[in-house]
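Take a look at the structure below.
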Amino acid sequence: MARDGGEAKVTVWFDGGCPLCRREIGLFRRLDRRGAIHFIDVATAEEGGGSCPIDRSDLLARFHAREEGVRCDGGDGRLLSGAAAFAAMWRAIPILSPFGRMARNAQVLGVFEALYRAFLRARPAIQRVVVRLESVGRRSPAA
């Protein structure tokens, strides 16, 4: 929880050049009705703008988030990746917050991380399907 007693704010870095990622982030933006999440498109972030806390290629390889109010070594919040980053984002969205709270348990987070790693292995194939579907949609005549 944030210092003011409200839910923690979250910053999320995502790959706006990835069609699958854009769709996923679009869903999370719609679910984030309170505006608790700040989304940063790593594909368009300026190099020296300070918006990328680590190397851009590392940010593109795995999902990353920072949850305010979660202190680590005196910083604004701990940089999370993979399932832990998703859990932080879920905690900021009321309908998904039970999953985020469950992920505070190490065993549950371990299961979520295993599922996330499996997704990473399948992601290139899923992205190819999404790109094909988008190209078919662009070629279809308007109804």
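For the range 92-133, how many residues are within 23 Å of ALA61 (Cβ to Cβ) and of a type in the set (D, E, K, R)?
Qualifying residue count for the region: 5.
Would you call LEU27 closer than 25 Å to SER97 by Cα, at pLDDT 90 or above and either in a helix (DSSP H, G or I) or in contact with a Phe, Trp or Tyr (Cβ under 6 Å, 6 or more places away or on another chain) (or both)?
Details: closer than 25 Å to SER97 by Cα: yes; at pLDDT 90 or above: yes; either in a helix (DSSP H, G or I) or in contact with a Phe, Trp or Tyr (Cβ under 6 Å, 6 or more places away or on another chain) (or both): yes.
Considered against the rule, which asks whether it is closer than 25 Å to SER97 by Cα, at pLDDT 90 or above and either in a helix (DSSP H, G or I) or in contact with a Phe, Trp or Tyr (Cβ under 6 Å, 6 or more places away or on another chain) (or both), LEU27 comes out as yes.
The values are calculated or read from the model by the stated rules, or taken from the named source; none is laboratory data. Fair warning: this is a prediction, and the values are worked out from it, not measured in the lab. Here the Cβ is made from the backbone with ideal geometry for all residues, glycine too, and neighbour counts use every protein chain on show.
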